[in-house]
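The values are calculated or read from the model by the stated rules, or taken from the named source; none is laboratory data. Predicted model only: the values in this text are computed from it and were never measured. Here the Cβ is made from the backbone with ideal geometry for all residues, glycine too, and neighbour counts use every protein chain on show. These area figures cover heavy atoms from the full protein model, side chains too; ligands, DNA and RNA do not enter into them. Shrake-Rupley method; radii C 1.70, N 1.55, O 1.52, S 1.80 Å.
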Amino acid sequence: AQKMGIKTVAVYSDADARSPHVKMADEAVHIGPSPAGESYLVAEKIIAACKETGAEAVHPGYGFLSERTSFAQQLDDNDIAFIGPPINAIAAMGDKIESKKLAEKAGGGGKGMRLAWNEKDVREGFEATKREGLASFGDDRVFIEKFIEQPRHIEIQVLGDKHGNVIYLGERECSIQRRHQKVVEEAPSPFVDPEMRKKMGEQAVALSQAVGYYSAGTVELIVGADKSFYFLEMNTRLQVEHPVTEYITGLDLVE
């Protein structure tokens, strides 16, 4: 922002009073106690800070309010620019993510999960899973997903403008994880060949264009050993891992 001649305002909670961004910004506004629920997640406090300082735009960061349609809408209502995708795109993508999250919560993540290799497994597993679900969660709904052998987690970085143009900037592989948290990000992926990269990239772009996407976003895919790939979710924001893509493309995604 400084390089581009844009004045900045940092917001901070008690926990971040001494953070570098607070010192670096032109102005800093304290928005409450350490728990995020009493500071960073309170949209009204962010908007009040904007009004107090005359800020014209908000970069929502990587978490907190960055994927909340209600926050983007509140900014719009107050004529403050949201640095991110259009509200409808956050809603459309968030819905898919929400449904997956709900399914994960309802399925208990590991309890009552069974692998079916044939029809017999499906018949037996279905009944057993229903019983287990009812006993454990009082819910006997069954969620069926394709099982990917030797799965890899590969994400495609996309960038779009407000004129309908969307490009993909290669992929990042983050299969090395601990407790489902990414540990190593690698770009380009050693598994992806040029033809596969083109297919994955073009589909990520088509998906983005289908929801009128602009700004930066990441399409996450699960990839099988046979190079088949499946949509997992879309993060409608810049991800923490974005510098990996910046290193290989020489582009400043934030800018």
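Model label points for Asp76 and Val184, set 7 angstrom from Cα along the Cα-to-Cβ axis, are 4.2 nm apart.
Of the solvent-accessible surface of the chain, computed with a 1.4 Å probe and all protein chains present, 53% belongs to carbon and sulfur.
Tell me the per residue accessible area of the chain using a 1.4 Å probe; a whole number in Å² is fine.
For the chain, the solvent-accessible area averages 60 Å² per residue.
If only the Cβ of Lys and Arg carry +1 and only the Cβ of Asp and Glu carry -1, the dipole of the chain around its Cα centre is close to 500 debye. Considering only Gly133, Gly212, Gly63, the Gaussian network model of the chain with Cα springs below 10 Å gives its largest mean-square fluctuation to Gly133. Convex hull of alpha carbon positions in the stretch 111-255: directionally averaged projected area 10.8 nm². Among residues other than Glu173 with Cβ under 15 Å from its Cβ, the summed charge is -2 (Lys and Arg +1, Asp and Glu -1). Hydrophobic long helices, here whole DSSP H runs in the chain with Kyte-Doolittle means of at least -1.0 and Cα atoms spread over 18 Å or more along the helix axis, are found at 87-107, 194-210.
Put a dot 7 Å past the Cα of Glu27, heading toward its Cβ, do the same for Phe143, and the two dots end up 4.4 nm apart.
Of the whole protein surface, Arg237 contributes about 50 Å² of accessible area at a 1.4 Å probe radius.
Put simply, the Cα atoms of the chain extend 65, 46, 33 Å along their principal axes, the longest span coming first.
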